[in-house]
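So the structure is just underneath, and the comments pick up after that.
Read-outs throughout are calculated quantities, based only on the coordinates presented, and are distinct from any laboratory measurement. Predicted model only: the values in this text are computed from it and were never measured. In this analysis, Cβ positions are derived from the backbone assuming ideal geometry, glycine residues included, and neighbour counts consider all displayed protein chains.
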């Protein structure tokens with residue numbers, strides 16, 4: 001799947017770079033990207049809800065990852081926070 005802002009040639013080069021990486025390097029990159037996406041998610045929640053403390057922002061991000069139904073099942077004692 002091509003990114004909308006990336007040319008086909010650039011995308012091919014990027015895929016080749018990923019293929020040449022060791023499995024450990026690809027794993028490390030994947031983990032770094034996952035962590036970056038989580039930080040961006042929490043930052044967005046904090047911008048929309050400056051009144052949330054650290055725990056509330058964390059729980060709101062978990063709710064976004066899990067969806068409302070699974071969040072309620074996993075955290076029945078927690079009130080739902082708007083992400």
| request: Can you put 81, 4, 27 in order of Cβ neighbours within 10 angstrom, beginning with the fewest? | output: 4, 27, 81
| What angle, in degrees between 0 and 90 and rounded to the nearest 10, separates the Cα long axis of helix 23-48 from the longest principal axis of the Cα atoms of the chain? | 40
| request: Counting only C-alpha contacts under 8 Å and six or more residues apart, can you give the relative contact order of the chain as a whole percent? | output: 20
| request: Sort 45, 13, 62 so the one with the fewest other Cβ atoms within 10 Å of its own Cβ comes first. | output: 13, 62, 45
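Taking neighbour Cβ counts within 10 Å as the exposure measure, how do 5, 82, 43 sort from fewest upward?
Values: 5 6, 82 9, 43 12.
In increasing order of surrounding Cβ atoms, one gets 5, 82, 43.
Within 10 Å, count the other beta carbons around each residue, average over each peptide in 55-61, 68-74, and list them highest first.
Values: 55-61: 17.9, 68-74: 12.1.
Packing order, densest peptide first, comes out as 55-61, 68-74.
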| field | Cα long-axis angle, helix 54-66 against the chain (0 to 90 degrees, to the nearest 10) | value | 60
| field | Two-decimal Rg to Rh for the chain - Kirkwood Rh, Cα set | value | 1.14
| Max mean-square fluctuation residue, GNM over the chain, Cα-Cα springs under 10 Å, options 32, 54, 16 | 16
| request: Work out, step by step, the length gained on full extension between residue 17 and residue 55: first 0.36 nm times the residue separation, then minus their alpha carbon distance; give nm to one decimal. | output: 9.8 nm
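Which value at 222 nm does the chain reach when only helices count, each DSSP H run of 4 or more adding -39,500 (n - 2.57), with the total divided by all residues and rounded to the nearest 500 deg cm²/dmol? Don't jump to the answer; show the numbers that get you there.
Working: 4 runs with 59 residues, N = 83.
It lands at -23000 deg cm²/dmol.
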